[in-house]
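First up is the structure itself, then whatever we jot down about it.
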Protein chains: 2
Amino acid sequence: MPKVGMEPLRRKALIDATISAIGERGSLDVTMSEIAGRAGVSSALAHHYFGAKDELLFATMRHILSELNTDTRRALGLAVTPRQRVSAVVAVSFSDEQFQPETIAAWLAFYVEAQKSAALRRLLKIYARRLNSNLMSGLTGILPRAEADRVAEATAALIDGLYIRRALKDGVPDAQTAIALVEDYLETKLSGRSLP
Amino acid sequence: MPKVGMEPLRRKALIDATISAIGERGSLDVTMSEIAGRAGVSSALAHHYFGAKDELLFATMRHILSELNTDTRRALGLAVTPRQRVSAVVAVSFSDEQFQPETIAAWLAFYVEAQKSAALRRLLKIYARRLNSNLMSGLTGILPRAEADRVAEATAALIDGLYIRRALKDGVPDAQTAIALVEDYLETKLSGRSLP
DNA sequence: GATTTTTCATTGATTGATCCGTCAATAAAA
DNA sequence: TTTTATTGACGGATCAATCAATGAAAAATC
């Protein structure tokens, strides 16, 4: 069975297993054995490819954010008007790929872990900055700078808040409702406005 | 030193120590020894009064939510108009007592833990329901039912989102700005409206 | 008021379980 | 024969939880 070129396959399998394990258990308190087991390998192999648990978790978070980024770029590519850009960012955040319980649970768990790990914190700051930048790329075409800043901040907070509530399966259960809430907010802030 | 009636004092000290330990470390991964040490007692005593670590954590979360509730009731008591009731709820959420890094970090950590612990999940659901109910107690005096529901949901999500961002010390660092953001949202949704 | 007894407070030491990370060994391509 | 893939077993560290033992206040007894 041992064939060459297993590394990328195993890495992918282990990262997927990490997401599903974290998603099911709802926290980063998953053992290397459990993750490896889900990926169909021994825990020793997980250590072989990732060195330490920290690095596996880090790689997993990077993978999640990377997918979010890819999806966002694709959606932004299709948007034409500034208003569409804003909606595209929102839509992706609650898309089927991103708004899954497993992913959300992992995202939340990483948020907590970021308080301990400087590396994770850096990663999440990048996410936050990117989300802000993506929102601003649309908002600055509609609102004056200062106001755009505030709306971006509020929208980002709103998205994060809906995420966390989803994680607890409390209130706003489905993506449709979540999008509607954010869009409703944006509409009241943007309606009737145009480039000043 | 051993005197009678130590129990309530120790319990309080241990809960305070738990909050500060969690706040400093940023997660529930604190040992009983560390907590006990901060409270100036042995870990055996912590077990003596709380039985298990779970119960100490549970008691700590209950304490945090209980304080939030007390403050909210006081603020609501001073509010006269429905609009003031809404603002009171928001103000308390970001008051000096509630919006402290330690408390926020603990709150976030408990959010994650709630996915594992049914007891904690129940506690947080109560918090969510109470927050919603408190907001609605003002909003129903201003908006029609359906719309009030949506605004309450969005406001709650906004508050939670600002909390989580505060935990990461990213964006919206101070309470003033946070309150301004939420109030700005409320103003756009409520301005010019009155009981239909 | 002096004593004995009971209750409460407290801890050091220990146990048992969990889990990360390592390592030597195996097996199959290349 | 060298490289790559893979694992079982193990060492070592950490911790939650227990327990027997100690000391000191309070209550009961005389």
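Each row is one residue, and each column tells you yes or no for (1) closer than 16 Å to A:HIS63 by Cβ; (2) open to solvent by 20 Å² or more (accessible area, probe 1.4 Å).
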position	(1), (2)
A:SER93	no, no
A:PRO101	no, yes
A:LEU123	yes, yes
A:ARG130	yes, yes
A:ASN134	no, yes
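The residue that is most open to solvent (accessible area, probe 1.4 Å), among those in region A:162-172 that are within 17 Å of A:ALA91 (Cβ to Cβ) and either without any contact (Cβ under 8 Å) to a residue 60 or more places away in the chain or more than 7 Å from chain B (Cβ to nearest Cβ) (or both), is A:ARG166.
Here are some residues: A:ALA178, A:ALA157, A:ALA146, A:ALA128. Which one is within 14 Å of chain B (Cβ to nearest Cβ), without any contact (Cβ under 8 Å) to a residue 12 or more places away in the chain, touching a helix residue (DSSP H, G or I) at 6+ places or on another chain (Cβ under 9 Å) and under 24 Å from B:VAL182 (Cβ atoms)?
Checking each option against the conditions leaves just A:ALA157.
Total residues in region A:167-196 satisfying the condition of being at pLDDT 90 or above and of a type in the set (Lys, Arg): the figure is 1.
Residues checked against (1) closer than 28 Å to B:SER137 by Cβ; (2) open to solvent by less than 60 Å² (accessible area, probe 1.4 Å); (3) in contact with a strand residue (DSSP E or B) (Cβ under 6 Å, 6 or more places away or on another chain); (4) among the aliphatic types (A, V, I, L, M):
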| site | (1), (2), (3), (4) |
| --- | --- |
| B:ALA36 | no, yes, no, yes |
| B:VAL41 | no, yes, no, yes |
| B:THR70 | yes, no, no, no |
| B:ALA75 | yes, yes, no, yes |
| B:LEU78 | yes, no, no, yes |
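For the subset of region B:1-28 comprising residues that are open to solvent by 50 Å² or more (accessible area, probe 1.4 Å), at pLDDT 95 or above and within 19 Å of the chain's Cα centre (by Cα), which member is nearest to DNA strand C (Cβ to nearest atom)? Ranking the qualifying residues of region B:1-28, first place goes to B:LYS12.
Across region A:46-60, the number of residues qualifying as open to solvent by 40 Å² or more (accessible area, probe 1.4 Å) and either more than 12 Å from DNA strand D (Cβ to nearest atom) or closer than 14 Å to A:PRO8 by Cα (or both) comes to 7. Residues of region A:30-45 include at least one that is away from DNA strand D (no atom under 16 Å from the Cβ) and part of a loop (DSSP other than H, G, I, E, B).
The values are calculated or read from the model by the stated rules, or taken from the named source; none is laboratory data. Given the structure is predicted, the values throughout are model-derived calculations rather than measurements. Quick reminder, even Gly has a Cβ in these numbers, built from the backbone with ideal geometry, and neighbours come from all protein chains shown. Surface accessibility is based on the protein's heavy atoms, side chains included, excluding ligands, DNA and RNA. Shrake-Rupley method; radii C 1.70, N 1.55, O 1.52, S 1.80 Å.
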